[in-house]
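The structure appears below as structure tokens.
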Amino acid sequence: MGLIEIADFTAQGWKDPAIGAERSRWCCERLEHGDILVLPQFPVISEQDRGFLTGVRQAGSSLIKNISYEPANGRLRGYARSATDAPMLERVLRGYSELTHALIAQLLSPYAAALQIDFTSFRPLEEQGRPLRGRSRNDLIHVDAFPTRPARGRRILRFFTNAHPTKPRVWNTSQTFDDLAASMALVAGLAWASRRFLGSSVGALRALIAALLGFVAALLLGLFVAFEVSRQLFRWEPEAKVPRNAKLWVLAALVPFLVFGAWESTTGNRLNRIQQNFQTLSRRAMSVPAPPER
């Protein structure tokens, strides 16, 4: 993952329209590989609007992370109502939303037909040092996920503009998502997905131990559930001997787990599909094409 400067795109579009389509496809490919595109020659905020935004204050509630504008209905949220010119703020954020949408339609023309405009956010508070919970902080490495607004298979494309008059925007980047997933797979119980650990004998042994621990935990959980079901069903006292029919019910409760485990071990369809999908993502992440001639 890296920063790629796109110097041949300005407010008027591509400097050489003849290769605009080719450059747009290449920019989309770089985004697909996890890179960040930087546009040094595209001022999307006028100095007048920038001066206005520096005076806008956010609401004091700890539940508010930023000021947001919803293009679908023009609704503003999160600003200090007593100290903000709301119509002016709505005009600035609406203009920014429309301008960036038009920009992306040119810069990333292969995406243009399927773009869906979402919220425009303005963050007047410095991210570093904000008293927020770890899961709410934007200055830490994180993967965006919104449980209240699930993506439902769609992908998030974000356009950032630094509105601060003097301080630069500092990007804190990490590895690509598939590299992070691979390095954290063992901890998450997906040892087969970790190239780092499966690539060595020590890693393979750790992966095997992790898998066996998972199987043992699942078996113990099944035993506990079956035991509790039989105990509640026959209501026998803990100090009394376990009735024979209760033992039979325990065995009967384990049969589905054993059958499913044997079937999965024999066929392995689900595991094979997951491994194939992971290998496909890995090949895509490792194939980095050269930029087209300008």
Lone unmet requirement of (1) buried (at least 16 other Cβ atoms within 10 Å of the Cβ); (2) modelled with pLDDT under 90 for L53 | (2)
Might you let me know whether segment 20-39 holds any residue that is buried (at least 16 other Cβ atoms within 10 Å of the Cβ), touching a residue at least 24 places away in the same chain (Cβ under 8 Å), more than 27 Å from the chain's Cα centre (by Cα) and within 22 Å of L115 (Cβ to Cβ)?
-> yes
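Which of the following residues is hydroxyl-bearing (S, T, Y) and at pLDDT below 90: S68, S46?
Only one candidate qualifies: S46.
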Determine whether segment 53-62 contains at least one residue that is touching a helix residue (DSSP H, G or I) at 6+ places or on another chain (Cβ under 6 Å) and of a type in the set (D, E, K, R).
-> yes
Output the residue which, of all residues in segment 146-179 that are loosely packed, with under 12 Cβ neighbours inside 10 Å and β-branched (V, I, T), is modelled with the lowest pLDDT.
-> T148
Answer yes or no: is there a residue in segment 70-80 that is under 30 Å from R130 (Cα atoms), free of Cβ contacts under 8 Å to residues at least 24 places away in the same chain and among the acidic types (D, E).
-> no
Filter result for the condition that a residue is in contact (Cβ under 8 Å) with a residue 12 or more places away in the chain and surrounded by fewer than 13 Cβ atoms within 10 Å (Cβ to Cβ), over P87, P110 = P110
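Which one is farthest from P124 (Cα to Cα), of the residues in segment 57-80 that are of a type in the set (D, E, K, R) and exposed (fewer than 15 other Cβ atoms within 10 Å of the Cβ)? Spell out the reasoning first.
Going through segment 57-80, the residues of a type in the set (D, E, K, R) turn out to be 57, 65, 70, 75, 77.
Checking the rest, the ones that are also exposed (fewer than 15 other Cβ atoms within 10 Å of the Cβ) come to 57, 75, 77.
Working: R57: 7, R75: 18, R77: 13 Å.
The residue in question is R75.
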Determine whether segment 35-44 contains at least one residue that is closer than 30 Å to R133 by Cβ and part of a loop (DSSP other than H, G, I, E, B).
-> yes
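The values are calculated or read from the model by the stated rules, or taken from the named source; none is laboratory data. Predicted model, so just to flag it, every value in this text is computed and none were measured. Every residue, glycine among them, receives a Cβ derived from its backbone with ideal geometry; neighbour counts consider all protein chains shown.
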